[in-house]
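Single-structure report; data block below.
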Protein chains: 2
Amino acid sequence: MNKPITMRDIANRIGVSSVTVSKALNDKEGVSDELKEQIKLLAHEMGYRINTAAKSMREGLTYNIGVVIPERFTGPNQSFYMQVYQEISKSLEAHGYYGILHILSAADEEELALPRIYYERKVDGFILLGQINKPYIEVIEEIEQPKLFLDFYDEHSHIDSIVTDNFYGAYELTNYLVRQGHRQIAYVGNIYSTSSIQDRFLGYYKSLLEHNIRLQPEYIVNDRDEQGAYIDIELPSVLPTAFVCNCDQVAYSLVQKLKQSGYKVPDDCSVVGFDNDIYATLTEPHLTTVEVNIKQMAQTAIQSILKKIDDPASSFGRTVVQGKIIYRDSVKKI
Amino acid sequence: MNKPITMRDIANRIGVSSVTVSKALNDKEGVSDELKEQIKLLAHEMGYRINTAAKSMREGLTYNIGVVIPERFTGPNQSFYMQVYQEISKSLEAHGYYGILHILSAADEEELALPRIYYERKVDGFILLGQINKPYIEVIEEIEQPKLFLDFYDEHSHIDSIVTDNFYGAYELTNYLVRQGHRQIAYVGNIYSTSSIQDRFLGYYKSLLEHNIRLQPEYIVNDRDEQGAYIDIELPSVLPTAFVCNCDQVAYSLVQKLKQSGYKVPDDCSVVGFDNDIYATLTEPHLTTVEVNIKQMAQTAIQSILKKIDDPASSFGRTVVQGKIIYRDSVKKI
DNA sequence: CTGAAAGCGCTTACAG
DNA sequence: CTGAAAGCGCTTACAG
């Protein structure tokens, strides 16, 4: 391996100082346009590539962002967070930054072990992607580097967060059902299970309230136990004309159940989901659902974290990103 | 933000030189055990975290590996490569290395644009994950840094590669069907489409040959067109007793087709898949299939690339990683 | 417009 | 066993 080209090499070739080369390559003031051009050209010819490590050390910036995802969200059937990570990766690159992924193992989360990227000063900030345990949140708070929560938040923490608008998405989707003539509308999901299920339920409820539809207890259908494990869905004794499901996967199960019970979707009963994941199009008919705006969530997160790196005092609080209804074939106008 | 602690700070506190601190913290020779302990303790107390950028510059190593995945393999329904990336990330961390993901856009691949991590010397080596275009391969070959192909290979390239053993996996799976009494066995897949479909076909064919079963042309069932788009599967006029599908997703479609035609799986007909992805358990009955050993593929890739960084002359050629049959309920003994 | 000096925080090679 | 010196490749602040 021959020695890498440095700014000094370029400088020597033209008979100029390395300071001038640095200025030229970084488009700084203080070099004539002519010389600038000449230097850039030569740099290109010589195949110069900047040594980021040197720049990093000098500036005290790594140009890396750590993205921490709890292990439990990274299974083969849960591609959502990895999708988000992809977007983060792409957007970061456009800003001259790079993502470093850290899968937080269950053991490390339990033992409150901080990621290695922290101890090695590998990153300028952290994006915590996906709900982490309370005690771990407290440890994270102690870190004196910029950080934010993505796709979850913690009421008692002062860490900024970016979440999808579960409440408004479910509200809009339910409004749509009402506009299609539905008034017997059930909600499927354990509303004590997670904050997104709960917020989606509340959006659904708001729509009912606005339309003077009474919330009937038997129209809140449970889908999972305390541990989050799916349970068999029990259909209400009087079938509603539509179901709002807290996620596409549950909508998928529900449609199977309805079919088994001899009902046709959407002819006998409409069903909507949430997430627009693989289950939305695996279901027959394909589900009308809410798509989370992954791209915007990623971009918002990056803007915020970069701002915080630039100015550690800046703060954004809780930012909410709106989703988008995807209309398909699982709703019938009645 | 208060100034970060350096080795010098620790040194000053004990009244020793920063050289000694460096040696102690790195467990190098030349410091008494006593002093070493004292230094480590103090470092911990003071919350010392090494400045990797400085180390990097000094050693000329970034401790990062670039992982390049073509965009077309990163859709929401294709979590496989992101699974692999997760494993790479985890294993790398155990070696004090970190992965930097680069999604290669279709445009960049077309225009032969190298990733930014290359121009910024952000990484010590590259793992190319997933088949890239021939012309791009040629550009990659020019890079004077360690690199390897993961999950694909190129006959005309001298770049080392690590692939899953498609041939042997399909061979074993077909052997299993034969042991279960099957002799009319069809293969589903366009055998001119990709090298893995082709290699899996050849493994299937080897098993037939070994068992003196004639390969019948109508038992090679097409599943996709030239562009790789799935087409409607046409069942052979005489139904075989078993189908070997080139992937789980196609097995899923096939089972649907069989059910629509009034056949029961596995009672009337057995079906096996390949990949053990989400479709394997989405299918009813759950599919017997071959699981790619993602963990081992990642580990092998990392070992190889780290060895190459250490010794650029080292070469491994084409390494094959064996898969594992997952037995489920889609095969009947006859 | 251009450059000499200094320094970012480490580690290696050498001297004691 | 311990440390002074040198240097990795950049950039900033300052002098000319």
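Can you name the helices (runs of 4 or more DSSP H) wholly within segment B:1-96 that have at least 1 residues being open to solvent by less than 70 Å² (accessible area, probe 1.4 Å) and polar (S, T, N, Q)?
Where helices (runs of 4 or more DSSP H) fall fully within segment B:1-96 and carry at least 1 residues being open to solvent by less than 70 Å² (accessible area, probe 1.4 Å) and polar (S, T, N, Q), they are B:18-25, B:52-59, B:80-94.
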Out of A:43, A:54, sole residue that is under 43 Å from the mean Cα position of the chain (by Cα) and within 8 Å of DNA strand C (Cβ to nearest atom): A:54
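A quick yes/no check of all residues on (1) modelled with pLDDT under 95; (2) closer than 30 Å to residue A:161 by Cβ; (3) out of contact with any Lys or Arg (no Cβ under 7 Å at 6 or more places or on another chain); (4) within 9 Å of chain B (Cβ to nearest Cβ):
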| site | (1), (2), (3), (4) |
| --- | --- |
| A:38 | yes, no, yes, no |
| A:55 | yes, no, yes, yes |
| A:60 | yes, yes, yes, yes |
| A:68 | no, yes, yes, no |
| A:100 | no, yes, no, yes |
Subset of segment A:167-189 [among the polar types (S, T, N, Q) and either modelled with pLDDT under 95 or touching a Pro at 6+ places or on another chain (Cβ under 8 Å) (or both)]: A:184
Which one of these is without any contact (Cβ under 8 Å) to a residue 12 or more places away in the chain and not assigned by TED's automatic domain parsing to the domain that holds residue A:125: A:224, A:183, A:179, A:200? A:179
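Which is more than 26 Å from the chain's Cα centre (by Cα), open to solvent by 50 Å² or more (accessible area, probe 1.4 Å) and among the hydroxyl-bearing types (Ser, Thr, Tyr), of B:263, B:219, B:230? Lay out the reasoning, then the answer.
On the way: B:219 fails: open to solvent by 50 Å² or more (accessible area, probe 1.4 Å); B:230 fails: more than 26 Å from the chain's Cα centre (by Cα).
Step by step, each of B:263, B:219, B:230 is checked, and only B:263 is more than 26 Å from the chain's Cα centre (by Cα), open to solvent by 50 Å² or more (accessible area, probe 1.4 Å) and among the hydroxyl-bearing types (Ser, Thr, Tyr).
Does residue B:107 count as more than 11 Å from every other protein chain (Cβ to nearest Cβ), free of Cβ contacts under 8 Å to residues at least 24 places away in the same chain and either crowded, with 17+ Cβ neighbours inside 10 Å or within 26 Å of residue A:64 (Cβ to Cβ) (or both)?
Taking the combined requirement at face value, the residue satisfies it.
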Could you tell me whether any residue of segment B:126-141 is open to solvent by less than 20 Å² (accessible area, probe 1.4 Å), within 10 Å of another protein chain (Cβ to nearest Cβ) and at pLDDT 95 or above? no
Scope segment A:270-286; condition on the phi < 0 side of the Ramachandran plot and of a type outside the set (Val, Ile, Thr); matching residues: A:270, A:273, A:274, A:277, A:279, A:280, A:282, A:284, A:285, A:286
Of the numbered conditions (1) open to solvent by 10 Å² or more (accessible area, probe 1.4 Å); (2) at pLDDT 95 or above, residue A:155 fails exactly one; give the number of that condition. (2)
Provide a single number: the residues in segment B:297-325 that are within 30 Å of residue B:270 (Cβ to Cβ) and buried (at least 18 other Cβ atoms within 10 Å of the Cβ). 3
When segment B:286-331 is checked residue by residue, the ones that are among the basic types (Lys, Arg), without any contact (Cβ under 8 Å) to a residue 12 or more places away in the chain and outside any helix (DSSP H, G or I) are none
Looking at (1) in a loop (DSSP other than H, G, I, E, B); (2) away from DNA strand C (no atom under 16 Å from the Cβ); (3) modelled with pLDDT of 90 or more, find the lone condition where residue B:117 falls short. (1)
Residue satisfying condition, being surrounded by 18 or more Cβ atoms within 10 Å (Cβ to Cβ) and assigned to a loop (DSSP other than H, G, I, E, B), within set A:240, A:236: A:240
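The values are calculated or read from the model by the stated rules, or taken from the named source; none is laboratory data. Small disclaimer: the values here were computed from a predicted structure and weren't measured. Here Cβ is always computed from backbone atoms with ideal geometry, including for glycine, and neighbour counts include all displayed protein chains. Surface areas here come from the heavy atoms of the whole protein model, side chains and all, with no ligands, DNA or RNA. Shrake-Rupley method; radii C 1.70, N 1.55, O 1.52, S 1.80 Å.
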